[in-house]
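The values are calculated or read from the model by the stated rules, or taken from the named source; none is laboratory data. Because the structure is a prediction, the values reported are computed rather than measured. Virtual Cβ from ideal backbone geometry, glycine too; neighbours counted across all protein chains shown.
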Amino acid sequence: MHESLRIDGARLLERLRSLGELGALPGGGVCRLAFSEEDAWGRERVIGWMKALGLEVSMDAMGNVFGLRPGREPGPPVMTGSHIDTVRTGGLYDGTLGVLAGLEVVETLNEAGMTTQRPLCVAFFSNEEGSRFAPDMMGSLVYVGGMALEEALATKGIDGERVADCMQAVGACGEQAVGRPDVHAFVELHIEQGPVLEESGITIGAVERVQGISWTELTFTGVSNHAGTTPMRMRRDAGHAAMATGAFVRELVTRIGGDQVGTVGALALSPNLVNVVPNCATLTVDLRNTDNDQLTRAERELGEFIDALAEREGIQVESRQLARFDPVPFDPAMVDRVESCASALGHSVMRMPSGAGHDAQMLARVCPTSMIFVPSVNGISHNIEEFTESADLEAGANVLLQVMLDLSR
Ligand code: HGY
Ligand code: MN
Ligand code: MN
Ligand code: MN
């Protein structure tokens, strides 16, 4: 019976649109930074939908939220979900698709009067983006016991505020203890956020693994001085060091090649004035690779470069690791399941890695896990132009429905 079951695409689109109203940016797109007021609005709306669907809602001490649908038998649930926090220039689909498609699966089963053997659970995890409070995937990392709750709560963000205080302010502190998850299997639907599916003309990605991630914050300290009177030989120019590092990152990743990518996403100079040699520069370096040895090599060469640079320029450098996750392989049987469910529904499907980090890479530490990708138009994400065709959103949600039914009989 369940092979013929289909989700309601229009209803899914309406929820995506409705959630996108919260934290909507004037020119389009969304900003719901973790534990911000906008994040709280999103949390409230999704929890309202969970309750309206009859789910038993709980929140843990990290603010992770779970909507449980009992099965015919008790036991660890088949879980799906993702995140609803966004980057500062976020789109409508990053994270939210996985959460709202999970709710759509529940509503479809409710309408069909179907009770699965195993319980189902739809979750959203706190602070997946990590762009306000590093590391990324913080909520799911704490959930699986990969980061102590106390450490997460004490984390200071880019605005100097502590996670604990911001969570308190938005009511995102639940009672449920963290670190002892009991999950039968986890599957996350997510937009690809890259160009591969679109360029390949394929609808569904069966994700085999997530690449390794390394985030570092570098702070160069020199001496501020007059831009006109200070001879070049006397300068201790922190700004120059930052720019030289940015150029080196591009040269490094080009030289390593393969899947290696590198980004300087945040840069701040002080005093940031046209006629003052900067005495302080802070920048972030995001390095990723599917090959951990190459990623480690990139980190090492970056470290060697900045030490030599600081020595040569007579400035100090402080390096702070913001995140480091090895590449994560998903359970082959789970990847097969995504592939076979997609094919059974008549969708083209390909196996592929994930360039982005996801909550699924944390759940993979505690249960069989995989991901379903759908195409991103022009490969764009973390950009207000982020878009996925309705037919592809619907296809992904239908694959999710079938995979969850497969897992929960
Ligand atoms: O950075 C990432 O890959 C994720 O979107 N947080
Ligand atoms: Mn995401
Ligand atoms: Mn993201
Ligand atoms: Mn993600």
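General observations
- Considering residues of the stretch 163-182 that are surrounded by 15 or more Cβ atoms within 10 Å (Cβ to Cβ) and modelled with pLDDT of 95 or more only, the residue nearest to LEU401 (Cα to Cα): MET167
- Residue match in the stretch 343-350 (condition: within 22 Å of HIS83 (Cβ to Cβ) and within 22 Å of the chain's Cα centre (by Cα)): no
- Selected residue (criterion: surrounded by the most Cβ atoms within 10 Å (Cβ to Cβ)) from residues of the stretch 308-344 that are β-branched (Val, Ile, Thr) and in a helix (DSSP H, G or I): VAL338
- GLY257 being surrounded by fewer than 19 Cβ atoms within 10 Å (Cβ to Cβ), free of Cβ contacts under 8 Å to residues at least 60 places away in the same chain and within 28 Å of the chain's Cα centre (by Cα): yes
- In the stretch 8-33, the residue that is nearest to GLY98 (Cα to Cα) out of those that are among the hydrophobic types (A, V, I, L, M, F, W, C) and within 18 Å of the chain's Cα centre (by Cα) is LEU16.
- Scanning the stretch 187-204 for residues that are in contact with a helix residue (DSSP H, G or I) (Cβ under 8 Å, 6 or more places away or on another chain), of a type outside the set (Val, Ile, Thr) and more than 16 Å from ligand 4 (Cβ to nearest atom) yields a count of 3.
- For ILE47, the conditions (1) of a type in the set (A, V, I, L, M, F, W, C); (2) outside any strand (DSSP E or B); (3) in contact (Cβ under 8 Å) with a residue 60 or more places away in the chain all hold with the exception of (3).
- Here is the figure for the stretch 118-152: residues that are at positive phi and more than 15 Å from ligand 1 (Cβ to nearest atom) total 1.
- When the stretch 92-133 is limited to residues that are under 23 Å from the mean Cα position of the chain (by Cα) and over 19 Å from ARG15 (Cβ atoms), the one that is nearest to ligand 4 (Cβ to nearest atom) turns out to be GLU129.
- Residue in the stretch 88-117 that is surrounded by the most Cβ atoms within 10 Å (Cβ to Cβ), counting only those that are within 16 Å of ligand 1 (Cβ to nearest atom) and part of a helix (DSSP H, G or I): GLY98
- Hits in the stretch 359-385 (condition: surrounded by fewer than 19 Cβ atoms within 10 Å (Cβ to Cβ) and either of a type in the set (S, T, N, Q) or not in a loop (DSSP other than H, G, I, E, B) (or both)): VAL377, ASN378, GLY379, ASN383
- Test: residue in the stretch 106-124 that is within 16 Å of ligand 3 (Cβ to nearest atom) and not acidic (Asp, Glu): yes
- Only a single item in (1) farther than 21 Å from ILE372 by Cα; (2) more than 16 Å from ligand 1 (Cβ to nearest atom) is not met by THR155, and it is number (2).
- Single residue of GLY23, GLY28, GLY42 found to be more than 20 Å from GLU128 (Cβ to Cβ) and in the same structural domain as GLY98 (by TED's automatic domain parsing): GLY28
- Residue in the stretch 287-305 that is touching a residue at least 24 places away in the same chain (Cβ under 8 Å), basic (Lys, Arg) and outside the structural domain of ALA356 (by TED's automatic domain parsing) present: yes
- Single residue of the stretch 43-97 satisfying the filter (of a type in the set (Gly, Ala, Ser) and touching a Cys at 6+ places or on another chain (Cβ under 8 Å)) that is farthest from THR388 (Cα to Cα): ALA61
- Test result for ALA185, away from ligand 2 (no atom under 16 Å from the Cβ) and buried (at least 20 other Cβ atoms within 10 Å of the Cβ): yes
- Top-ranked residue in the stretch 47-86 [being of a type in the set (Val, Ile, Thr) and buried (at least 24 other Cβ atoms within 10 Å of the Cβ); ranked as farthest from ligand 1 (Cβ to nearest atom)]: VAL78
- Of all residues making up the stretch 180-217, the number that are within 30 Å of GLU385 (Cβ to Cβ) and either among the charged types (D, E, K, R) or not in a loop (DSSP other than H, G, I, E, B) (or both): 25
- Cβ separations smaller than 6 Å between residues 6+ apart or across chains give the following pairs from the stretch 340-361 residues that are within 13 Å of ligand 3 (Cβ to nearest atom) to residues that are aromatic (Phe, Trp, Tyr): ASP359/PHE125.
- Any hit, the stretch 137-160, residues being closer than 30 Å to ARG351 by Cα, among the charged types (D, E, K, R) and assigned by TED's automatic domain parsing to the domain that holds THR96: no
- Looking across VAL65, VAL57, one residue alone is away from ligand 3 (no atom under 14 Å from the Cβ) and in contact (Cβ under 8 Å) with a residue 60 or more places away in the chain. It is VAL65.
- Hits in the stretch 1-34 - residues which are without any contact (Cβ under 8 Å) to a residue 40 or more places away in the chain, charged (D, E, K, R) and over 30 Å from ASP165 (Cα atoms): GLU14
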